[in-house]
Amino acid sequence: MTQNILEMRSITKTFPGVKALSDVTLEVARGEVHAICGENGAGKSTLMKVLSGVYPHGTYEGDIVFENETVEFRDIRDSEAKGIVIIHQELALSPYLSIAENIFLNNEVKGPLGLIDWNRTNQEAKKLLARVGLDEDPVTRILDIGVGKQQLVEIAKALSKEVKLLILDEPTAALNDSDSDHLLDLILHLKGQGITSIIISHKLNEIKKIADSVTVIRDGKTIETMEHKDVSEDRIIKGMVGRDLENRYPDHTPHIGEEVLRVEGWTAHHPQDPSRVMVDSVDLSVHAGEIVGIAGLMGAGRTEFAMSLFGQSYGSRISGKVYKRGVEIKARSVDEAIRNGIAYATEDRKMYGLNLIEDIKRNISMASLRKLVRMGLVNDNEEYKVANEYRESMNIKAPTVLTKAGQLSGGNQQKVVLSKWIYSNPDVLILDEPTRGIDVGAKYEIYTIINRLASEGKAIIVISSELPELLGICDRIYALSEGRITGQMPVADATPEALLKLMTLEKQR
Amino acid sequence: MSDTATKAPASSSGIKLPSTLSHIVSDLGKNGIFLALIAVVVLFSITTNGILLRPQNISNLIVQNGYILILAIGMVLVIVAGHIDLSVGSIAAFIGAFSGVLIQQVGLPWWLAIIGALVVGALVGAWQGFWIAYVGIPAFIVTLAGMLIFRGLALITLGNSNIGSFPEEYRALGNGFISFAGPDAAIDFFTLAVGALAILALIVQQVRTRNGRKKYGQAVDPTVWFIAKMAFVAVGVGAFTYALASFKGIPVTLIVLAVLVMIYGIVANRTVFGRHIYAIGGNRHAAELSGVKTKSVDFWLFVNMGILAALAGLVFTARLNLAGPKAGDGFELEAISAAFIGGAAVQGGIGTISGAIIGGLIIGVLNNGMSIMGIGIEWQQAVKGLVLLLAVAFDVYNKRRAGASTSR
């Protein structure tokens, strides 16, 4: 009766302690390109995982109706059998296998004896590649072709499964301009062949170009769905950010002093692919007692900038100048960066920040062991005392400092990471997503700590995906897009709308 | 402020029995490997009708396993950093042969030959460390290649023959005893004096550590338990030195070993280098982003392993008074087993010098006990393999249980 190919009705998905999706409704008409917009963490990916069966039926509430039939997927195979294929941002291709092998992975073309028929495999692959406009030999290994072409292989793989609904999660995030254009054209071309697409994106010009309708999601809720004719950047941005700002941030009166850090023309290239510029001549300055925010969407180069600055721990062919209190410093290793009073608290504490099998004490002392050395030996009593002081002053909730870092909650782990860097006594503290994955109460504590550090005269850079957070705690905010600083404003002048505009500002083509 | 967070460490007076008891239980749990060693010793004392604990046999146990224990010290550090070294047996063979050439063919004095051999051991380690740390080839591959390369070099150095009859001073490294008793004396009082001194030094050191911790408000063992442990250690060391004193005195190998254990115990726990090894093994990325020079640590770790492998080769050659082509065969596997039985984690980040020594002693007692019982080499192999598997399985099981109860 309806021409909708997909209806997701009142989807609610809860993780321990977090409501990721709350009563979300999504209707996709047959044969259209439907865009889903939202900030990082708004719930877009969670919604797609519910749809594709990554979160199986029973772990969420609500109904999914696909082709007028209520479906209950137990896993991805179930959803793929119905013709729903999702292509993730991180491509799921095996680099050492050929294009053809990847296309038919787990869907192999078999001969009479159950053995793989390689001739037919390659022949079928060739046909699929032609449909996506990729002129490559099917026996080419995946790692020998670029990301743009890999994306096309993913789509060819989807076509091999007789896809009816194709979901693309930020498909152009890692692509250059011409590859992006080709991909968007392909999506329109597939639409002509009757394939419905859902595209998750926050590149607004892209959405305007190809989407027939747009659904905006914010804080796990559907805000609105609009037709192509009604789509405007302002309306989308307003939908994406228009949340009420509660009093979630402690008061903070800035006492801004002299300039502590100045970065000029900072440029860094991708470590494996030096032709890709990840950080593009960034100019930035931070003063004593100032909290400076860096706003940028995923892939804008925020972490890449911070890590390349922090002793060149990211990137290749790094150039540019760094001045501390007017004197140029060169920090080519993390150790030199620490000695020069720079600290960087990573966005991924478990992977890059903590030794989870070690205790709190040794995690805190890790970056400053030399301060504890007496006559060539680490004074472990002193270490215990220092750690205990941080446990109390930072309110790390653990019975003793001998508790393993892996046993702490996210908020307490973050406090351990902050303690480590505060103990290294830096002048400049770069905090990358300092409140990611921690609960609201602990967030408030972290903000209080950041304020305290600023009032002690530290220069602080906060990188965050959450605009309200930046607006709540920073004194000044830079916007980063495609590796470039696209603007800056004092927080008094900053609005989410203005920042998002800068954050989505793309290079002139 | 959380109420659980600020509680002072439990009173250390040790009068409250229930808490003392639970402390003892948890302490014993942490030292399970030590209990395992005692269990193995008791088991084989019974099955060998006490032969295992005869003075001569105790002395032999040390001398026979000295080179494995030396290797285990280096190996556990390599494993903590997340690597492995398969080449130590071949390096030991090569260095043993090399020292023979220096003495027999070049005519160097014994002490210069030993220094030269250790320097070449360091160079061998530097060679492997270079490939592992700076080229980024996995240690498994580099040392597998090293196992072949240095076995080959050992054979080339020997030139199809054995090198035998080393000077007496050199041989002392593996065979010598320090004793001032005459040949007729039933007991060597010098050895007993050294033993008494060792006990005293150990107790003083432990008391000082304990007082230091108390001063900084750290939890320490309840007094009763602390005294009991000290008494146990004193009796153990006392009985051990009495056995040595009633045989030939203190083996030189034991002195070498004792010095190494002391030095490396401090290196592992109290130096920046040692801390960096554990940090790298626990989370290499986090260590790097905390300013640890991971490549340099990896490099020096293998230089160190090369020196210790060379030393083990010297001790072994000295003991046999012979540098032969089969020397060092399988040493790497015994050293690796010692580290893992002693609680080192396969993923790195966990492991102790003392654990590796105890692991090595367990293997040594198994070897020795089964030999006395007349069990064939084929069964000895199988039993040792099984013990290694069970020890690691027990460890994994324990960790999983702990992980399940504490994970969030």
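The values are calculated or read from the model by the stated rules, or taken from the named source; none is laboratory data. All values reported here derive from a predicted model rather than from experimental measurement. Note that each Cβ is placed from the backbone with ideal geometry, even for glycine, and that neighbours are counted across all protein chains shown.
Data overview
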read-out: Residue within the range B:165-174 that is out of contact with any helix residue (DSSP H, G or I) (no Cβ under 8 Å at 6 or more places or on another chain), part of a helix (DSSP H, G or I) and not polar (S, T, N, Q) present; value: yes
read-out: Selected residue (only one of B:F316, B:F299, B:F340 is of a type in the set (F, W, Y), closer than 29 Å to B:F394 by Cα and assigned by TED's automatic domain parsing to the domain that holds B:V63); value: B:F340
read-out: Inter-residue pairs, beta-carbon under 8 Å, first away from chain A (no Cβ under 14 Å) and in the range B:195-218, second outside any helix (DSSP H, G or I), 6+ apart; value: none
read-out: Elements of type helices (runs of 4 or more DSSP H) contained in the range B:282-379, each with 3 or more residues being without any contact (Cβ under 8 Å) to a residue 60 or more places away in the chain; value: B:284-288
read-out: Odd one out for A:L418, checked against (1) crowded, with 20+ Cβ neighbours inside 10 Å; (2) in the same structural domain as A:E466 (by TED's automatic domain parsing); (3) in contact with a strand residue (DSSP E or B) (Cβ under 9 Å, 6 or more places away or on another chain); value: (2)
read-out: B:V315 being touching a Ser or Thr at 6+ places or on another chain (Cβ under 7 Å) and away from chain A (no Cβ under 14 Å); value: yes
read-out: Residue within the range B:226-240 that is touching a Gly at 6+ places or on another chain (Cβ under 7 Å), more than 30 Å from A:S313 (Cα to Cα) and part of a helix (DSSP H, G or I) present; value: yes
read-out: Members of the range A:206-231 found to be in a strand (DSSP E or B) and either more than 23 Å from the chain's Cα centre (by Cα) or outside the structural domain of A:L183 (by TED's automatic domain parsing) (or both), listed by number; value: A:S213, A:E224, A:T225, A:M226, A:E227
read-out: Boolean, B:N283 is at the interface with chain A (Cβ under 8 Å from one of its Cβ atoms), surrounded by 24 or more Cβ atoms within 10 Å (Cβ to Cβ) and not small (G, A, S); value: yes
read-out: Failed item in (1) without any contact (Cβ under 8 Å) to a residue 60 or more places away in the chain; (2) in a helix (DSSP H, G or I); (3) not assigned by TED's automatic domain parsing to the domain that holds B:N65, with B:I187 passing the rest; value: (2)
read-out: Filter result for A:A479 (touching a Leu at 6+ places or on another chain (Cβ under 6 Å), touching a residue at least 40 places away in the same chain (Cβ under 8 Å) and either closer than 14 Å to A:G293 by Cα or of a type in the set (F, W, Y) (or both)); value: yes
read-out: Unmet criterion (only one of (1) more than 14 Å from chain A (Cβ to nearest Cβ); (2) farther than 29 Å from B:L52 by Cα; (3) buried (at least 16 other Cβ atoms within 10 Å of the Cβ); (4) out of contact with any helix residue (DSSP H, G or I) (no Cβ under 7 Å at 6 or more places or on another chain)) for B:A345; value: (1)
read-out: Members of the range A:298-329 found to be under 13 Å from A:L261 (Cβ atoms) and within 14 Å of chain B (Cβ to nearest Cβ), listed by number; value: A:A306, A:L309, A:F310
read-out: All positions within the range A:375-394 that are of a type outside the set (D, E, K, R) and either over 35 Å from the mean Cα position of the chain (by Cα) or within 16 Å of A:P434 (Cα to Cα) (or both); value: A:M375, A:G376, A:L377, A:V378, A:N379, A:N381, A:Y384, A:M394
read-out: Check on A:M8, within 26 Å of A:G296 (Cβ to Cβ), touching a residue at least 12 places away in the same chain (Cβ under 8 Å) and surrounded by 16 or more Cβ atoms within 10 Å (Cβ to Cβ); value: no
read-out: Single residue of the range B:235-244 satisfying the filter (of a type in the set (A, V, I, L, M) and touching a residue at least 60 places away in the same chain (Cβ under 8 Å)) that is surrounded by the fewest Cβ atoms within 10 Å (Cβ to Cβ); value: B:A243
read-out: Of all residues in the range B:222-279 being in contact with a Lys or Arg (Cβ under 9 Å, 6 or more places away or on another chain) and under 22 Å from B:L173 (Cβ atoms), the one that is nearest to the other protein chains (Cβ to nearest Cβ); value: B:T253
read-out: Selection status of A:V147, within 26 Å of A:G43 (Cα to Cα), surrounded by fewer than 19 Cβ atoms within 10 Å (Cβ to Cβ) and not aromatic (F, W, Y); value: yes
read-out: Exclusive hit being under 29 Å from A:A130 (Cβ atoms) and in contact (Cβ under 8 Å) with a residue 40 or more places away in the chain, set A:A35, A:A100; value: A:A35
read-out: Any hit, the range B:73-80, residues being farther than 23 Å from B:F150 by Cα, surrounded by 20 or more Cβ atoms within 10 Å (Cβ to Cβ) and in the same structural domain as B:K293 (by TED's automatic domain parsing); value: yes
read-out: A:A295 being in contact with a Leu (Cβ under 6 Å, 6 or more places away or on another chain) and within 14 Å of another protein chain (Cβ to nearest Cβ); value: no
read-out: Single residue of B:I103, B:I115, B:I84 found to be within 21 Å of the chain's Cα centre (by Cα) and either in the same structural domain as B:A344 (by TED's automatic domain parsing) or under 26 Å from B:I266 (Cα atoms) (or both); value: B:I84
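Every residue, every condition in (1) farther than 24 Å from A:L467 by Cα; (2) hydroxyl-bearing (S, T, Y), yes or no:
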{"residue": "A:T222", "(1), (2)": "no, yes"}
{"residue": "A:E227", "(1), (2)": "yes, no"}
{"residue": "A:D234", "(1), (2)": "no, no"}
{"residue": "A:Y249", "(1), (2)": "no, yes"}
{"residue": "A:P254", "(1), (2)": "no, no"}
